[in-house]
Amino acid sequence: NRNFKGRQGSPTGRTLLMSPTMVAAAAINGCVTDVRELLSPATV
């Protein structure tokens, strides 16, 4: 597992390895999110 605290040097830093689609979903939502939530049609 490569997602662990301190991977980038800071003992409190956290690195997440994600696909480009997941990164885009996180940028849109403002936090790490399940991309399927953004791809599913909205319910009214």
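The values are calculated or read from the model by the stated rules, or taken from the named source; none is laboratory data. Predicted model only: the values in this text are computed from it and were never measured. Backbone-built Cβ (ideal geometry, glycine too); neighbour counts: all protein chains shown.
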Condition set of a type outside the set (A, V, I, L, M, F, W, C) and surrounded by fewer than 10 Cβ atoms within 10 Å (Cβ to Cβ), scope the range 12-36, selection farthest from the chain's Cα centre (by Cα): answer is 12
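Looking at the structure I just gave you, is residue 16 in a loop (DSSP other than H, G, I, E, B), at pLDDT below 90 and of a type outside the set (Gly, Ala, Ser)? Give the derivation first.
Values: in a loop (DSSP other than H, G, I, E, B): yes; at pLDDT below 90: yes; of a type outside the set (Gly, Ala, Ser): yes.
Judged against the criteria, residue 16 is a match.
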